[in-house]
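The values are calculated or read from the model by the stated rules, or taken from the named source; none is laboratory data. The shown structure was predicted, so the numbers you read here are calculated from the model rather than taken from an experiment. Glycine gets a Cβ as well: all are built from the backbone with ideal geometry, and neighbour counts include every protein chain shown. Note: areas computed on protein heavy atoms with side chains; ligands, DNA, RNA excluded. Shrake-Rupley method; radii C 1.70, N 1.55, O 1.52, S 1.80 Å.
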Amino acid sequence: KPAVRIQADLARLAAYGIAMEDLRTAIANANVSGPKGSLDGAQQSYIIAANDQIAAADAYRPVIIAYRNGSPVTIGDVAQIVDGLENDRTGGWYQGTPAGIARCTFGISARIWLTTSMTLAPGWRWMSMMTAGVNLTIVSDRTVTIRASVRDVQFTLILAVVLVTLVVLLFLRSLRATLIAGVALPLSLITSFGIMYFAGFSLDNLSLMA
């Protein structure tokens with residue numbers, strides 16, 4: 001994640017007689033996020049709030065830490081300020097080779113199966129933009145269990161239809177009753193899924209259990 005990194009120059013801090021705590025306090029005060037005041041009316045009162053967080057390195061340089069001999073000492077005078085990362089001591093390797101990790105997360109309403117199929121498709125555009133010599137490897141795919149669950153449900157539904165039809169045939173010994181059961185069960189499933197499709201419902205673990 002991007003972040004502004006302030007690298008203090010200890011020699012300059014000592015020359016100005018400024019402690020590290022003074023520098024920390026100046027940075028904290030420059031990023032205070034809180035109410036700035038209020039607007040009072042006859043019946044209502046509104047609180048004025050603003051986010052004062054500084055997101056760019058250049059904006060930190062003029063922040064005043066203290067005054068020495070009547071002149072302000074700014075953060076830019078005693079530190080080097082750069083746009084960097086929150087943690088620059090991390091790295092990625094895959095099977096001994098330096099690697100970058102791309103993590104794909106899904107929203108609540110995302111159709112995970114369809115989204116995953118599109119994202120991992122060989123001809124998808126972000127894969128075609130990769131330069132020569134760069135290989136893409138799927139290290140972890142959590143949709144495998146979801147696909148397995150869907151296959152299990154499909155097998156269970158088919159097996160249930162077959163078993164019910166066989167039970168009707170064995171106990172009633174009526175071809176007509178067996179035919180009615182054999183047609184009614186798949187038809188009810190098709191109708192249920194059809195209503196779910198037009199109602200905008202997706203197949204998830206909850207709906208499959210139902």
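Tally time: how many residues in segment 63-79 are over 12 Å from residue 26 (Cβ atoms) and within 38 Å of the chain's Cα centre (by Cα)?
0
For segment 166-186, does any single residue satisfy the condition of being in contact with a Ser or Thr (Cβ under 8 Å, 6 or more places away or on another chain) and touching a residue at least 24 places away in the same chain (Cβ under 8 Å)?
Taking every residue of segment 166-186 in turn, at least one turns out to be in contact with a Ser or Thr (Cβ under 8 Å, 6 or more places away or on another chain) and touching a residue at least 24 places away in the same chain (Cβ under 8 Å).
May I ask you to list the residues in segment 121-136 that are open to solvent by less than 70 Å² (accessible area, probe 1.4 Å) and either at pLDDT 80 or above or under 17 Å from residue 99 (Cβ atoms) (or both)?
Passing the criteria: 127, 130.
Anything in segment 9-28 that is within 28 Å of residue 90 (Cβ to Cβ), surrounded by fewer than 16 Cβ atoms within 10 Å (Cβ to Cβ) and among the aliphatic types (A, V, I, L, M)? List them, or say none.
Those that are within 28 Å of residue 90 (Cβ to Cβ), surrounded by fewer than 16 Cβ atoms within 10 Å (Cβ to Cβ) and among the aliphatic types (A, V, I, L, M): 10, 20, 28.
Would you check if residue 165 is among the polar types (S, T, N, Q) and modelled with pLDDT of 90 or more?
yes
Which of the residues belonging to segment 33-45 are free of Cβ contacts under 8 Å to residues at least 12 places away in the same chain and either part of a loop (DSSP other than H, G, I, E, B) or within 34 Å of the chain's Cα centre (by Cα) (or both)?
Of everything in segment 33-45, those that are free of Cβ contacts under 8 Å to residues at least 12 places away in the same chain and either part of a loop (DSSP other than H, G, I, E, B) or within 34 Å of the chain's Cα centre (by Cα) (or both) turn out to be 41, 42, 43, 44.
Taking only segment 186-197 into account, find how many residues are within 14 Å of residue 154 (Cβ to Cβ) and either among the aliphatic types (A, V, I, L, M) or not in a helix (DSSP H, G or I) (or both).
Qualifying residue count, segment 186-197: 2.
Tell me yes or no: at least one residue of segment 53-62 is more than 32 Å from the chain's Cα centre (by Cα) and in a strand (DSSP E or B).
The answer is no, given that none of the residues of segment 53-62 is more than 32 Å from the chain's Cα centre (by Cα) and in a strand (DSSP E or B).
Provide a single number: the residues in segment 9-32 that are modelled with pLDDT under 85 and either assigned to a strand (DSSP E or B) or within 16 Å of residue 81 (Cβ to Cβ) (or both).
1
Looking only at segment 55-72, count how many residues are more than 19 Å from residue 19 (Cβ to Cβ) and open to solvent by 60 Å² or more (accessible area, probe 1.4 Å).
Of the residues in that region, 5 qualify.
Limited to segment 38-54, what total is found for residues that are more than 29 Å from residue 3 (Cα to Cα) and either open to solvent by 100 Å² or more (accessible area, probe 1.4 Å) or among the polar types (S, T, N, Q) (or both)?
Total meeting the criteria: 9.
Count, please, the residues in segment 73-96 that happen to be open to solvent by less than 80 Å² (accessible area, probe 1.4 Å) and modelled with pLDDT under 90.
Number of matching residues: 4.
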